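FYI, it's all coordinate maths here, none of it is from the lab. In this text the structure is predicted, and so the values were computed from the model without any measurement.
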Amino acid sequence: MTDSTVVGNFYTTIIKPVFHIPPHIVMINNGEFNFDKVSLPDLSISKKPTNPKSISLYSAYPNPFNPTTTLRFNNDSGSNTNVLLQILDINGRWVENLVFGELKTGANKIQWHAGNQPSGIYFAVLQSGNMVQTTKLILIK
């Protein structure tokens, strides 16, 4: 294998009269496919994303709570930064997005109103670039 080798399994049905496959590109022998001259485009990033220097998600207060808690987070990156702050349930299922977009520099806070959610454990997940921070929330009704 080389660094340009693509490895994997797939299942397909080829009806020869329907598809025009140029010679020497796909060879079928005893149910095995061999591909030659496969072209894979190079991947590139057209705009370099900016990663924050420091974004912090703090513990919620009050916690345990009913039905509202406050989440505090800080952006010390020196500039506004795109973030996603979402609530997930104990099984990792999405419940709600609290912030989806630009986060101003400095201290930030938001309240989560969970009045329509059942009692249980939830997670607030703050994502920015490749950074992820999580804090546990306990809703008691």
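Observations, loosely collected:
- Extension gain (nm, one decimal) between Ser59 and Asp76, 0.36 nm per residue minus Cα-Cα: 4.4 nm
- Spatial offset of the range 97-133 relative to the range 55-94 amounts to 3 Å, using the alpha carbon center of each.
- Kirkwood Rh (inverse of mean 1/r, distinct Cα pairs), the range 55-139, angstrom: 12.9
- Potential extension, Ser119-Val95 segment - 0.36 nm per residue separation minus Cα distance: 7.3 nm
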